[in-house]
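Below is one structure, written out as structure tokens; comments come after it.
The values are calculated or read from the model by the stated rules, or taken from the named source; none is laboratory data. This is a predicted model, so every value here is computed, not measured. Don't worry about glycine lacking a Cβ; one is built from the backbone with ideal geometry, like all the others, and counts go over all protein chains shown.
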């Protein structure tokens, strides 16, 4: 079966790779590019632990082929912090205890980041719906909602976006 | 709650300090097992049985071995050469690593493929051809115990049936008598189905046998690294693995909840493969493998009777349970408690006579029993007593809150010896329930319910007033495979006044790097920010039994306090030496010793630490460290009252949780924010089995609910906004007065939900519904009662 | 978790894509959003050895009204549908449908064309398109043809599309004034397929239901168009009795399979309940026009 040479820009850095057609985007990120912040939690496209931004939209990277991302911009959790400054979403999760084991957290934060780009002051209901594709077993979601509300307020104040 | 004794800078008990472990997690720099890559590492993937019970007639590996990248295929026959094809379980039963004769549950491991990358390994698994001869399947535990049922454990020479154990506790005759003499007895059969903990990270390991060093290192998703190391040494000693040359490392773990305590075949196969190949071997299971083969929880068929006087005073409790354990007893209970701590089933009530018995049966299902945040079967016990208590209230036409208040063990009776032998350390049940009733607005809700009933609208209020039992446990009664259930802490203070503290437990998200540091801060006044906490590496951490059953704070937390106090004792001597006074002249406040009556004459803990290395008195050893192995004198008994309010859609049967109020008491609190987080998470894992989650089997042993398509883990939309509050009743025997809280909410929540739904339908004559309470179940009841939306 | 090996093609034009599909025949499948196909392939339940990705073909993502029809490009993402002002304001039934498809992350990849072309009666758009009387535009070897939605779903995972055809556009007749529609989905949790789903689109004229379309989701091997129910209400001034009867007829037209979402009896009952509720919701929206 043929392989393909693709170029993906991840967190601003272009990477060229020669990949099998069937290589999943999440494996490209984790195994080839060694960005292990994005996690795998299931095999039926339910859990969202693998969420990254693909051309600005949060997607489940386990259900995208690496070849489909050729030429695209990808943002992973490793791209949230800029020049040593945490993104308000990261701050919010830390401040509000929005994580416990940390495994769903990268995906959850990428979804949160994307939400706040589109809806700067979401209601609680909008938040819960936006993260309904990200499963968490530890937090019971309440502090995640608070984390996102914290980030929204911080961004409204004029924090980084 | 009293104010913290230390300042926020020091961050001792009571401070909601931000977690010290978060900086790596929020950056995606956590180090989970699948993040670990070692030079030369190969990948292991597992061939699994589609049949629940079948002879293996042949395994053809030829096609698999031809696939580029596939290095080897391991079968039971391979492991048999090393006598590793079977291994002991944590309950002293035996379990197959890989079968040589037959498989006994669907998704059982049958063979393992080793390949250079995970894609080739997956292809290899598809290419292995196994021929099976199906055998009769036993999935009903009742049928399993009938005479003439096929005997499943043909590997056990003299086994003639499928009965595993009989366990009983209490006074059978006294209870029979008490029930006979009761004015009313309510009786109910309750089935609590199988569920699966489904942590977002599945199980896995990297087994790395270094031939040159003769040393095995296993990075592994385990909640109990030391116990695993000892088990490996005992089980594989004959192939040359000696305990001092085995290192188990639990890196960051993405959720455990009990599911990462057992030793799964995948780990053992990976270790064997690494030893044979001399290369690191990585095994990471898929979600479906995790749900279908790894340790389940619950699966108890319960028959309960509760007797009472007509004024509502409970007189006797009798329970008979059939436990479906799957094909082997691999539940990780303390060895003297094959049914865990089920005997907490008299709950929060002063029931004078009680008797409980549990029989366990083998079936063609995966093994397990307690892997879902249950405190060793306390979820089952509490569900039983809280459901039957509501049924008693219904029978007597008494308000369920009033019935509970009438029967609660009153505060003045603590420490309280229960009819089934537990000494509850402390509790104030009426205070918790009253607080919950206040917060939820109980009386107004009952009025609203009455109004709604007139209009045919369905609304319910469910109470659960639970008593938990955690902190296993005193060495007199508790051991796992003989290993006593103490736990440990070793603290070393450095010359510049910072410290490192290592524990025998292992957090999987509970925040130990922060809470344990806070304990040290509380006891020594060293800022929590300066206390580095480590767990999980058996080469460096003191021996402990791990984290599960909410035991970390009660046992290892206590060890932390005791080790810190030993250090404080030595620090006092050093301070006396530095201040040139006698020890009797000194007083302590967090962070310093000062001379009585002359507080300006003081030495900080930092100054003392420096002196321990630069200016210790003659005759005293240098250094400032201590270790404590803590043997708890008793368990601890967190408790609480939860109130759940539901509205039911008469057209679809959907249950909507309108409100959920949780009042918890876990004694003195180390970090309130972390405690709340534990409760939120536990509540979510409480409504999940109540309304959504179930693993079941058809008559051929085919699993239903074996993927996230059908195993319904709640999202943020299904999960209500939790309302939480506290009462504080310290534990009298714990050095910090703390009790532990990790599982309280999973224990207390399901019956609150079930009670609410039954309450909503009680006026239609409904008395009980088994969980999960699906919309279909509710709608069937409504239809039957003529109350469904037309 | 890991698909079997396959070849991947990313043609730049529809003609190239069609040629690839022709060349590889049964071994080829169209890859659109991939949110139905890739999960199947990861479980090794889909057996294509050639994936033809139409995601790089331009001009297949649009939502616009033109010449009497709402036209949705086959590659339009569900999230675009969800966020479209036009859809929210004029086609709330489509908005209702979009927001209950899987979850928000899946919707950022899943396409409307894919949701129909997959031929899965458990998908949500089919019932809605049946209610709307939509048309599907297919491009193949012989050029373009228009398929009425009623003729589109032929069996489980089988549509009227020929193996080398690609669904390029969905056309919905622009509803006249006095129209309203709603889609209601009963699901066990967010992200699940429907236990039952009901789509109703109708037009009221002087209080009489002039036109009505009713579709039911996940209620048989194909999405169900409840023709008897439609007949019962067409030309009527709707009252409780008529709505109840129509809902019963709709339920009777379904043949759901028992599974963990429910027994046949429960699913039929839910079709009935949801159709009645969707009719009422559609009426309410129509009245508001």
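Points to keep in mind about this one:
- Conditions (1) facing another protein chain (nearest Cβ under 9 Å); (2) under 15 Å from the mean Cα position of the chain (by Cα); (3) not in a helix (DSSP H, G or I); number of the one not met by residue A:34: (2)
- Among (1) within 24 Å of residue A:95 (Cβ to Cβ); (2) in contact with a helix residue (DSSP H, G or I) (Cβ under 7 Å, 6 or more places away or on another chain); (3) facing chain A (nearest Cβ under 10 Å) - the single one residue B:681 does not satisfy: (2)
- Among the conditions (1) surrounded by fewer than 24 Cβ atoms within 10 Å (Cβ to Cβ); (2) more than 10 Å from chain A (Cβ to nearest Cβ), the only one that residue C:91 does not satisfy is (1).
- Just one of the listed residues (B:647, B:665) is more than 14 Å from chain A (Cβ to nearest Cβ) and within 19 Å of the chain's Cα centre (by Cα), namely B:665.
- Pairs where the first residue, in segment C:17-30, is more than 15 Å from residue C:41 (Cα to Cα) and the second is part of a helix (DSSP H, G or I), C-beta under 7 Å, 6+ apart: C:17/C:54
- Residues in segment B:573-611 that are surrounded by fewer than 19 Cβ atoms within 10 Å (Cβ to Cβ) and closer than 21 Å to residue B:13 by Cβ: B:587, B:588, B:589, B:590, B:604.
- Matching option when the condition is modelled with pLDDT of 95 or more, assigned to a helix (DSSP H, G or I), farther than 12 Å from residue B:204 by Cα and touching a strand residue (DSSP E or B) at 6+ places or on another chain (Cβ under 7 Å), among B:270, B:233, B:227: B:227
- Residues in segment C:236-289 that are part of a loop (DSSP other than H, G, I, E, B), surrounded by fewer than 22 Cβ atoms within 10 Å (Cβ to Cβ) and at the interface with chain B (Cβ under 9 Å from one of its Cβ atoms): 2 in all.
- Per-region count, segment C:33-69, residues within 11 Å of another protein chain (Cβ to nearest Cβ), within 19 Å of residue C:108 (Cα to Cα) and assigned to a loop (DSSP other than H, G, I, E, B): 4
- No other residue among B:115, B:72, B:107 is in contact with a strand residue (DSSP E or B) (Cβ under 6 Å, 6 or more places away or on another chain), in the same structural domain as residue B:228 (by TED's automatic domain parsing) and under 25 Å from residue B:705 (Cα atoms) apart from B:107.
- Considering residues of segment C:15-32 that are closer than 20 Å to residue A:71 by Cβ and in contact with a helix residue (DSSP H, G or I) (Cβ under 8 Å, 6 or more places away or on another chain) only, the residue nearest to the other protein chains (Cβ to nearest Cβ): C:31
- Residue A:90 more than 16 Å from the chain's Cα centre (by Cα) and within 9 Å of another protein chain (Cβ to nearest Cβ): no
- All of C:98, C:131, C:80, C:160 fail the test of being touching a strand residue (DSSP E or B) at 6+ places or on another chain (Cβ under 8 Å) and closer than 30 Å to residue A:119 by Cα, apart from C:80.
- Counted residues, segment B:725-766 - those being under 21 Å from the mean Cα position of the chain (by Cα) and part of a strand (DSSP E or B): 1
- Of the residues B:4, B:23, B:39, the single one that is out of contact with any strand residue (DSSP E or B) (no Cβ under 8 Å at 6 or more places or on another chain), without any contact (Cβ under 8 Å) to a residue 12 or more places away in the chain and more than 10 Å from every other protein chain (Cβ to nearest Cβ) is B:4.
- Per-region count, segment A:94-117, residues facing chain B (nearest Cβ under 8 Å) and crowded, with 24+ Cβ neighbours inside 10 Å: 10
- Some residue of segment B:126-133 being buried (at least 19 other Cβ atoms within 10 Å of the Cβ), assigned to a loop (DSSP other than H, G, I, E, B) and at positive phi: no
- Subset of segment B:81-115 (residues that are at pLDDT 95 or above, over 33 Å from the mean Cα position of the chain (by Cα) and surrounded by fewer than 21 Cβ atoms within 10 Å (Cβ to Cβ)): B:101
- If the condition is being crowded, with 20+ Cβ neighbours inside 10 Å and over 17 Å from residue B:741 (Cβ atoms), then segment B:661-693 contributes B:687, B:688, B:689, B:690, B:691, B:693.
- Here residue B:16 passes the criteria (1) more than 10 Å from every other protein chain (Cβ to nearest Cβ); (2) surrounded by fewer than 23 Cβ atoms within 10 Å (Cβ to Cβ) except the one numbered (1).
- Residues located in segment B:406-423, provided they are crowded, with 17+ Cβ neighbours inside 10 Å and in contact with a helix residue (DSSP H, G or I) (Cβ under 9 Å, 6 or more places away or on another chain): B:407, B:408, B:409, B:418, B:419, B:420, B:422
- Residues that are in contact with a helix residue (DSSP H, G or I) (Cβ under 7 Å, 6 or more places away or on another chain) and at the interface with chain A (Cβ under 7 Å from one of its Cβ atoms) were ranked within segment B:701-724; the one that is surrounded by the most Cβ atoms within 10 Å (Cβ to Cβ) is B:716.
- Among residues of segment B:193-221 being more than 14 Å from chain A (Cβ to nearest Cβ) and in a loop (DSSP other than H, G, I, E, B), the one that is surrounded by the fewest Cβ atoms within 10 Å (Cβ to Cβ) is B:212.
- Listed here are the helices (runs of 4 or more DSSP H) enclosed by segment B:1-113 that have at least 1 residues being within 20 Å of residue B:202 (Cα to Cα): B:22-25.
- Selection from segment B:767-790 of residues that are away from every other protein chain (no Cβ under 14 Å) and either touching a helix residue (DSSP H, G or I) at 6+ places or on another chain (Cβ under 7 Å) or assigned to a helix (DSSP H, G or I) (or both): B:767, B:768, B:769, B:771, B:785
- Residue within segment B:324-334 that is in contact with a helix residue (DSSP H, G or I) (Cβ under 8 Å, 6 or more places away or on another chain) and farther than 28 Å from residue B:484 by Cα present: no
- Qualifying residue in segment C:4-15 (condition: surrounded by 21 or more Cβ atoms within 10 Å (Cβ to Cβ) and within 23 Å of the chain's Cα centre (by Cα)): no
- Residue within segment A:58-75 that is out of contact with any strand residue (DSSP E or B) (no Cβ under 6 Å at 6 or more places or on another chain), facing another protein chain (nearest Cβ under 8 Å) and either surrounded by fewer than 21 Cβ atoms within 10 Å (Cβ to Cβ) or at pLDDT below 95 (or both) present: no
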